[in-house]
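Each remark here refers to the structure printed beneath this line.
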Amino acid sequence: MSIFFEIHKDIPREGPGLNESTRLAFFMLEDLPSELAVLDIGCGPGMQTIELAKNMNGKITAIDNHKPFLDVLTKSAMEEGVSDKIEVKEGSMFSLDIEKNSFDLVWSEGAISIIGFGEGLKQWREYIKTGGYLVASEISWLRNDIPEEPKRFWEADYPVMKGIIDNIKTIEESGYSPVGHFVLPKRGWWEHYYNPLIERIKMLREKYVGNQEANDELDCAESEIEIYKKYSDYYGYVFYLMKKI
Ligand SMILES: C[S@@+](CC[C@H](N)C(=O)[O-])C[C@H]1O[C@@H](n2cnc3c(N)ncnc32)[C@H](O)[C@@H]1O
């Protein structure tokens, strides 16, 4: 059985991100209503959900298809005193059981690649009120001169990864006007994501000594980190902010 969820357990985030970047993106959005309806898709353990809740009035519906992550979010929301603003919902981003045109803001950090950037923008647009916003962080090429090694790695893992200009074009072609974008600082990959993952991998190497299948998965997780360590100037997570037109 896959040990994917054993690797991805008890870590603060399930993808690169930083609370300061969540706040930066949120405060770049202009003329939001004072009471917000927000949909956070692929919320994971919800570090960004909690940060949003602390900075707004209204309600966040936080969706993920992995129940243990939602349990972590529920517990943290209680500890942080924002549970009245967050409703967790177990479900798939591929078939959202959600009322159309009902959200001022759709948010998704590190999760839109699961459905595909263009497809996510298209499908999720239906749930946003006209004039409302979508904010998504998406792994993107930051330069044109990509060396062979990261190119090969990401072609195998996420072949539709694009550069910033191409993603902005997709935004414009999908019924939105771009509002802004910025690159997540590099430490957003390490502090709450890769560093805790490295610790998990170390611990699981000891647990799974002699288990080839488990060690292959650990190699896989480790190689993603190694590639980022070497080539972090060439790709990164980019926050894209857009308004539904
Ligand atoms: C890269 S993680 C990002 C999590 C979180 N936003 C963060 O930044 O820590 C992607 C998340 O999408 C969730 N996910 C995967 N497939 C999904 C699906 N079909 N529907 C909803 N969520 C999904 C995973 O469980 C995971 O929590």
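The values are calculated or read from the model by the stated rules, or taken from the named source; none is laboratory data. Computed from a prediction, not measured in an experiment: that's the story for all the values here. Cβ placement follows ideal geometry from the backbone for every residue including glycine, while neighbour counts extend to all protein chains displayed. Note: areas computed on protein heavy atoms with side chains; ligands, DNA, RNA excluded. Shrake-Rupley method; radii C 1.70, N 1.55, O 1.52, S 1.80 Å.
Within region 21-53, how many residues turn out to be within 16 Å of the ligand (Cβ to nearest atom) and at negative phi? Qualifying residue count for the region: 19.
Among the residues of region 30-86, those that are within 23 Å of residue 242 (Cα to Cα), open to solvent by less than 70 Å² (accessible area, probe 1.4 Å) and charged (D, E, K, R) comprise 40, 51, 64. Residues in region 1-19 that are touching a residue at least 40 places away in the same chain (Cβ under 8 Å) and open to solvent by 40 Å² or more (accessible area, probe 1.4 Å): 2, 4, 5, 6, 9, 10, 12, 14. Where strands (runs of 3 or more DSSP E) fall wholly inside region 13-104, the ranges with 3 or more residues that are under 15 Å from residue 137 (Cα atoms) are 36-41. Residue pairs whose Cβ atoms lie under 6 Å apart, separated by 6 or more positions or on different chains, with the first residue in region 126-137 and touching a residue at least 12 places away in the same chain (Cβ under 8 Å) and the second in a strand (DSSP E or B) and of a type in the set (Ser, Thr, Tyr), are 136/108; 136/240; 137/237. Scanning region 8-20 for residues that are over 22 Å from residue 91 (Cα atoms) and more than 12 Å from the ligand (Cβ to nearest atom) gives a single hit, 20.
For residue 140, the conditions (1) open to solvent by 80 Å² or more (accessible area, probe 1.4 Å); (2) under 24 Å from residue 29 (Cβ atoms) all hold with the exception of (1).
If the requirement is being modelled with pLDDT of 95 or more, of a type in the set (Asp, Glu) and closer than 27 Å to residue 47 by Cα, which of these qualifies: 206, 148, 138? Show your work before the answer.
Numbers: 206 fails: closer than 27 Å to residue 47 by Cα; 148 fails: closer than 27 Å to residue 47 by Cα.
On inspection, the qualifying residue turns out to be 138.
Taking the stated definitions as given, is residue 216 open to solvent by 70 Å² or more (accessible area, probe 1.4 Å), under 15 Å from residue 117 (Cβ atoms) and free of Cβ contacts under 8 Å to residues at least 24 places away in the same chain? So residue 216 fails the test.
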